[in-house]
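Q: Following this message is one structure expressed as structure tokens.
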């Protein structure tokens, strides 16, 4: 089974109802014990080979074949552990989001000068009569982002920042390309930026960076040490301005209220989503194990895999 299929399946069935945290921890511990046993078996085989003890193992299998089976078993168990760790992370994120809903509701009531009642905790904030309202708190955060295919038309060094680029990126806006600032100058040469098709977060609150306002963010993959950074590239043939899709949500198109994520609660959307953005084993972009795609297929980084995306 391909790695992205495993991760996608995991994303659809992570932490089923009724599965207690203690049971998940026990399953992880069992997998760890299996890995240690496989490792010990492999080490015993290696030591026997080094001392010249026999050429066959057990039922007559060659030692080489036996060792290959041990390694295969270890790799399968390690993969299981990797998947369970991702599942645990997703479950913890959901629990954190539930807590944030209560905090958001309490914050909204305080801002409106209303007392907080114990009975109200856990309920969504009530809509004010005439004011434009943000989506309810139970809206999946990823659906509130405006994620589009863009093309870098130009790229130059920021005059006030040696780690920054100033880019002009076409994301399909009627008013023309956007100015976007990216901290990629130490990672990707200018000549590898110009003309690239990229994925852009288009509805973040504009931010001034060293005197120049930025109207979006280019998505990239990065290793743990942030030493290697690569652009997230849409599948060949993707169209400038088209919105990204996610397996269980379809095309991601935010509500009108989220055209720009500028309020305090709206600005929490991106940090929540960023925690669950990952490259899978094939370098494809995922959210909670589900693949991002354009009309032409998945988005991916050139060589990075199993690392953060943001």
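Q: From the list 264, 281, 208, 272, which residue is surrounded by fewer than 20 Cβ atoms within 10 Å (Cβ to Cβ), at pLDDT below 95 and under 18 Å from the mean Cα position of the chain (by Cα)?
A: Unique residue meeting the criteria: 272.
For every residue, the table says whether it meets (1) farther than 19 Å from residue 252 by Cα; (2) assigned to a helix (DSSP H, G or I); (3) over 19 Å from the mean Cα position of the chain (by Cα).
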residue: 143; (1), (2), (3): no, yes, no
residue: 149; (1), (2), (3): no, no, no
residue: 155; (1), (2), (3): yes, no, yes
residue: 162; (1), (2), (3): yes, no, yes
residue: 166; (1), (2), (3): yes, no, yes
residue: 173; (1), (2), (3): no, no, yes
residue: 186; (1), (2), (3): yes, no, yes
residue: 191; (1), (2), (3): yes, yes, yes
residue: 199; (1), (2), (3): no, no, no
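Q: Select from the range 201-219 the residues that are touching a strand residue (DSSP E or B) at 6+ places or on another chain (Cβ under 7 Å), in a loop (DSSP other than H, G, I, E, B) and farther than 11 Å from residue 167 by Cα and list them in ascending order.
A: 202, 203, 205, 206, 210, 219
Q: With respect to residue 166, determine if the residue is under 26 Å from residue 286 (Cβ atoms) and at pLDDT 95 or above.
A: No, not satisfied.
Q: Counting just the residues of the range 220-246 that are without any contact (Cβ under 8 Å) to a residue 60 or more places away in the chain and in a loop (DSSP other than H, G, I, E, B), which one comes out farthest from the chain's Cα centre (by Cα)?
A: 237
Q: Related question: Do you know which residues across the range 254-310 are closer than 21 Å to residue 237 by Cβ, in a loop (DSSP other than H, G, I, E, B) and touching a helix residue (DSSP H, G or I) at 6+ places or on another chain (Cβ under 8 Å)?
A: The answer is 282, and nothing else.
The values are calculated or read from the model by the stated rules, or taken from the named source; none is laboratory data. Quick caveat, the model's predicted, so the values are computed rather than measured. Positions of Cβ are backbone-derived with ideal geometry, glycine not excepted, and every protein chain shown enters the neighbour counts.
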